[in-house]
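What follows is a set of notes on a single structure, which appears directly below.
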Amino acid sequence: MGEERFGEFVLVRRHGHVAELVLDRPKAMNAVSTEMARSLTGACAALSADRDARVVVLTSSHERAFCVGADLKERNSFTDADLVRQRPVARGAYTGVLELPVPTIAAVHGFALGGGFELALSCDLIVADRTAVVGLPEVSVGVIPGGGGTQLLPRRVGAARAAELIFSARRVEAAEAAELGLVDRLVEPGRDREEALALAERIAGNSPVGLRAAKRALRLGHGLDLRAGLEVEDAAWRSVAFSGDRAEGVAAFNEKRKPQWPGE
């Protein structure tokens with residue numbers, strides 16, 4: 001298991017074909033500062049370019065929090081000009097996670113609030129333990145969710161439910177979060193990372209070419225009318241139909257053996 005650090009606050013651990021992207025600013029409950037945002041952007045760029053990474057799991061090194069969102073202590077010292085300059089840096093971190101080309105899973109425990117919940121929402125799947133508390137409280141401090149929350153939450157739970165959660169700024173505990181679809185899998189306390197990594201390992205056994213193409217089709221097709229969506233799917237199918245992975249997958253099935261994916 002190799003490790004690579006990106007700045008002071010972000011760590012990437014390797015578990016075979018699974019990459020664990022660790023939020024590692026425990027003294028601030030992983031509050032996203034400018035420096036941490038830059039590090040997240042850099043780590044995501046490196047993972048996007050890494051053909052060996054088939055799944056990414058986003059985790060936290062803090063025992064009681066996934067991420068409490070933007071670093072409001074840092075923001076309190078900002079001039080308006082500072083805030084304008086920081087905006088593209090902050091956006092880069094959320095976009096970096098959102099645009100990872102492989103399947104992504106967030107492992108959430110404790111607080112995942114504001115930008116912290118938006119980082120989880122930027123992943124394809126969210127595994128949460130029963131200590132999780134999620135929410136987008138930005139309007140309670142005079143802003144709006146700016147890391148994708150106003151767009152990602154309604155895509156996950158529908159427009160009216162997203163409106164209620166964003167307008168009320170309320171925190172949602174784990175059981176209700178699972179019931180509302182804010183998280184996808186609820187596990188026992190302390191098992192979110194373990195369960196997310198196990199799920200990632202299972203996913204990583206599949207064709208890397210297939211996984212990337214399936215994610216592309218899911219993301220690009222979302223929100224399109226059915227006919228346009230099926231064209232997106234067809235283009236993604238054509239991109240894999242003549243790949244080495246498809247040839248190996250069919251051969252392995254017929255020979256009743258485990259595939260050895262060439263990844264191309």
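The values are calculated or read from the model by the stated rules, or taken from the named source; none is laboratory data. Keep in mind that this is a model prediction, so the values were computed, not measured. Here the Cβ positions follow ideal geometry from the backbone for every residue, glycine too, while neighbour counts run over all protein chains shown. Ligands, DNA and RNA are stripped out before the accessible areas are found, and what is left, the full protein with its side chains, is counted by its heavy atoms. Shrake-Rupley method; radii C 1.70, N 1.55, O 1.52, S 1.80 Å.
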* Only one of (1) polar (S, T, N, Q); (2) touching a helix residue (DSSP H, G or I) at 6+ places or on another chain (Cβ under 8 Å); (3) within 19 Å of V97 (Cβ to Cβ) is not met by Q151, so which one is it? -> (2)
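Considering each of R219, R212 in turn, give the residue that is at pLDDT 95 or above and either open to solvent by less than 50 Å² (accessible area, probe 1.4 Å) or farther than 26 Å from V108 by Cβ (or both).
Values: R219 fails: either open to solvent by less than 50 Å² (accessible area, probe 1.4 Å) or farther than 26 Å from V108 by Cβ (or both).
Of the residues listed, the single one that is at pLDDT 95 or above and either open to solvent by less than 50 Å² (accessible area, probe 1.4 Å) or farther than 26 Å from V108 by Cβ (or both) is R212.
With the condition being over 23 Å from the mean Cα position of the chain (by Cα), in contact (Cβ under 8 Å) with a residue 12 or more places away in the chain and not assigned by the TED database to the domain that holds S48, I'd like the helices (runs of 4 or more DSSP H) fully within region 150-264 carrying at least 1 qualifying residues. Working first, answer last.
Values: elements: 159-168, 174-180, 192-204, 208-221, 226-241, 244-254.
In region 150-264, 226-241, 244-254 are the helices (runs of 4 or more DSSP H) which contain 1 or more residues that are over 23 Å from the mean Cα position of the chain (by Cα), in contact (Cβ under 8 Å) with a residue 12 or more places away in the chain and not assigned by the TED database to the domain that holds S48.
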* To do: Name every residue in region 88-107 that is more than 30 Å from E201 (Cβ to Cβ), open to solvent by 40 Å² or more (accessible area, probe 1.4 Å) and in contact (Cβ under 8 Å) with a residue 40 or more places away in the chain, in order of residue number.
  => R91
* Asked: Wholly within region 1-70, which strands (runs of 3 or more DSSP E) include no fewer than the required count, namely at least 2 residues that are touching a strand residue (DSSP E or B) at 6+ places or on another chain (Cβ under 8 Å) and open to solvent by 10 Å² or more (accessible area, probe 1.4 Å)?
  -> 3-6, 10-15
* Name the pairs: first residue in region 1-21 and within 16 Å of P208 (Cα to Cα), second residue among the basic types (K, R), Cβ to Cβ under 9 Å, at least 6 apart or on different chains? -> G16/R54; H17/R54; V18/R54; A19/R13; A19/R54
